[in-house]
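Written out below as structure tokens is the structure these notes cover.
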Amino acid sequence: MAQEKAKPEDTEVYTPVPPKVTPGKFEYKEPPSDALILFDGKNLDEWVSTEDRNQPAKWKVDHGVMTVNKTGGNIETKRTFGSYQLHIEWRVPQNITGQGQARGNSGLFLASLGKGDAGYELQILDSYENQTYVNGMAGSIYKQFIPLANPSRKAGEWNVYDVAWKAPVFNEDGSVKSPAMVTVYFNGVLVQDNVSLFGPTQYIGKPSYSIKHGDSPIKLQAHGDKSEPISFRNIWVRPLPAW
Ligand code: MG
């Protein structure tokens, strides 16, 4: 029998569906004194275009909020990071249309490994009332870990990710010494509990640690779907010592 070509659908998982949880009321979280501010509502000075790191980030900043420019491509931090704690707020626009992966899709790449979507993606999506594969919903480590719960707020309201990222460590020969690990709170609800990643995100096929890398930028996704672009605000990071 001829071997079938791997398809994106091969790594989509539909059960178990995480329970819906109504999060507590949104509370503005002021950055702690040692945080590095990546976006304070004023400008994109800390960001560059992923496709050409010599070019400024081409997303829109207005009224204290940055909004994805779908034709402007992914953006990532000028600085690089190893392990860190991160806070980021994101909002799906109230007039969102589309369904599944084509409804408010973006992503937080915990470590960017270059152009396009190379890296480790914590999915951002409108998952309030939007069916898709559960390892691709908001709060998932895309195509690796289903979130433990679905505390999504409805379109038009702000969501929050608080992330503790442990960067992977590699041996001299490129083999992985300790995998990347991540804990994620989504609107104050634990959705990823110190999970060990299998490697950078793979849209098709199984992930593996095939790329030895060190400190990396943090990246935000301009996803190619047709739905209305999502917005971000109050992004800060606390670099942590290597572990
Ligand atoms: Mg995405």
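The values are calculated or read from the model by the stated rules, or taken from the named source; none is laboratory data. Keep in mind it's a predicted model, so treat the numbers as computed, not measured. In this analysis, Cβ positions are derived from the backbone assuming ideal geometry, glycine residues included, and neighbour counts consider all displayed protein chains. Just the protein is used for accessible areas: all its heavy atoms, side chains included, with ligands, DNA and RNA removed. Shrake-Rupley method; radii C 1.70, N 1.55, O 1.52, S 1.80 Å.
Take the residues in region 104-118 that are within 11 Å of the ligand (Cβ to nearest atom) and part of a strand (DSSP E or B), then tell me which one is surrounded by the fewest Cβ atoms within 10 Å (Cβ to Cβ).
107
For region 20-58, the candidate set comprises residues that are under 21 Å from the mean Cα position of the chain (by Cα) and over 28 Å from residue 76 (Cα atoms); within that set, the residue that is most open to solvent (accessible area, probe 1.4 Å) is 20.
For region 59-82, filtered to residues that are under 15 Å from residue 223 (Cβ atoms) and not in a strand (DSSP E or B), the residue that is most open to solvent (accessible area, probe 1.4 Å) is 71. The set of residues from region 1-54 being hydroxyl-bearing (Ser, Thr, Tyr), part of a loop (DSSP other than H, G, I, E, B) and in contact with a strand residue (DSSP E or B) (Cβ under 7 Å, 6 or more places away or on another chain) comprises just one member, 50. In this entry, residue 101 passes the filter for residues that are within 16 Å of the ligand (Cβ to nearest atom), over 30 Å from residue 33 (Cβ atoms) and in contact (Cβ under 8 Å) with a residue 12 or more places away in the chain.
Listed here are the strands (runs of 3 or more DSSP E) enclosed by region 132-239 that have at least 3 residues being over 23 Å from residue 14 (Cα atoms) and open to solvent by 50 Å² or more (accessible area, probe 1.4 Å): 231-239. Please find, within region 83-98, the residue that is farthest from the ligand (Cβ to nearest atom) out of those that are open to solvent by less than 30 Å² (accessible area, probe 1.4 Å) and either within 22 Å of residue 180 (Cβ to Cβ) or free of Cβ contacts under 8 Å to residues at least 24 places away in the same chain (or both). Looking at residues that are open to solvent by less than 30 Å² (accessible area, probe 1.4 Å) and either within 22 Å of residue 180 (Cβ to Cβ) or free of Cβ contacts under 8 Å to residues at least 24 places away in the same chain (or both), I get 83.
The single residue among 48, 68 that is within 16 Å of the ligand (Cβ to nearest atom) and out of contact with any Gly (no Cβ under 8 Å at 6 or more places or on another chain) turns out to be 68.
Summed over region 88-108, the residues that are of a type in the set (A, V, I, L, M, F, W, C) and within 18 Å of residue 161 (Cβ to Cβ) give a count of 4. Annotation: residue 101 fulfils all but one of (1) in contact with a helix residue (DSSP H, G or I) (Cβ under 9 Å, 6 or more places away or on another chain); (2) open to solvent by less than 20 Å² (accessible area, probe 1.4 Å); the unmet one is (2). Screening 159, 135 for residues that are under 21 Å from residue 85 (Cα atoms), within 16 Å of the chain's Cα centre (by Cα), within 16 Å of the ligand (Cβ to nearest atom) and touching a residue at least 60 places away in the same chain (Cβ under 8 Å) leaves exactly one candidate, 159. Residues in region 119-132 that are near the ligand (Cβ under 10 Å from one of its atoms) and touching a residue at least 60 places away in the same chain (Cβ under 8 Å): 121, 122, 124.
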